[in-house]
Amino acid sequence: MKKEIIKIVILFLVAIVGWMFWVKQGIKDAAIQDKYEQSFFQNNILINGRVSGISDSGNHCFGIIYLKDFVGNVKEFNPYKKDIFPYAIKNDEAEIYSWTCLYNVEAEDSIIINSNNRSILVIKKDSSEKIEGNLRFVNEEKDYIKENSKLKFQ
């Protein structure tokens, strides 16, 4: 009986130590990814617009946020050219590729993007509530983006 308890305690301790190493490695990998991505966001793009609609992929609340009344400092950002997908801009339309539930995005909310800061700010339509977050690449969702984007690039 005593040997069984010792085995259980040892297995439990090994599991805890293994979990701690797994978490530490995950944090390290995330920092490396952030450092890699940072240079791609240094493109001085500013986006300010109101949400006209949202397309929900059904995959962990990922979606496309469609903007109307869009104002920005560039006329086009084609995510296919560099194969990076934080957002897209074409003429007077913009799309943001993000996890919409993180910011509780709804139609008529206002959104401000600052690429250099990798920031997204959602200003709720019904209140003065502001929700801040970070832009991310969403390359794993490229197929969904290609199928549901309203912006068609050549």
Which far-off residues, 5 or more places away or on another chain, put their amide H under 5 Å from the one on K68, with H placed in the peptide plane? R50, V51, S52
Helix-derived mean residue ellipticity, 222 nm - over the chain, DSSP H n ≥ 4, -39500 (n - 2.57), to 500: -11000 deg cm²/dmol
Selected from V71, V14, V51 as most flexible by GNM, with the chain as the system and alpha-carbon contacts under 10 Å: V14
Calculated log₁₀ intensity ratio I(q)/I(0) where the Debye formula runs over C-alpha points of the chain, q = 0.10, 0.14, 0.15, 0.20 Å⁻¹: -0.44, -0.71, -0.79, -1.28
Rank the residues F21, F137, F40 as a footprinting-exposure proxy: fewest other Cβ atoms within 10 Å of their Cβ go first. F21, F40, F137
Between A30, A88, A15, find the one with the highest GNM mean-square fluctuation for the chain; connect C-alpha pairs within less than 10 Å. A15
Cβ-derived FRET efficiency at R0 22 Å, E108 paired with K75, nearest 0.05: 0.35
What is the sum of charges around H60, taking Lys and Arg as +1, Asp and Glu as -1, for the other residues whose C-beta is under 11 Å from the C-beta of H60? -3
If you average the C-alpha positions of the stretch 117-154 and of the stretch 49-80 separately, how far apart do those two centres end up, in angstrom? 5
Once amide hydrogens are built 1.01 Å from N within the peptide plane, the residues lying 5 or more places from V138 or on another chain with amide H under 5 Å from its amide H are F85
Where does helix 2-41 land angle-wise versus the long Cα axis of the chain, in degrees 0 to 90, nearest 10? 20
Count the net charge of all other residues whose Cβ sits under 14 Å from the Cβ of I47, scoring Lys and Arg as +1 and Asp and Glu as -1. -1
Select from E140, E132, E76 the residue whose mean-square fluctuation is largest in a Gaussian network model of the chain (Cα-Cα springs shorter than 10 Å). E140
Find the all-direction average of the projected area of the Cα convex hull for the stretch 1-71, expressing the result in square nanometres with one decimal place. 8.5
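Bear in mind these aren't lab numbers, they're just calculated from the coordinates by the rules spelled out. The shown structure was predicted, so the numbers you read here are calculated from the model rather than taken from an experiment. Here Cβ is always computed from backbone atoms with ideal geometry, including for glycine, and neighbour counts include all displayed protein chains.
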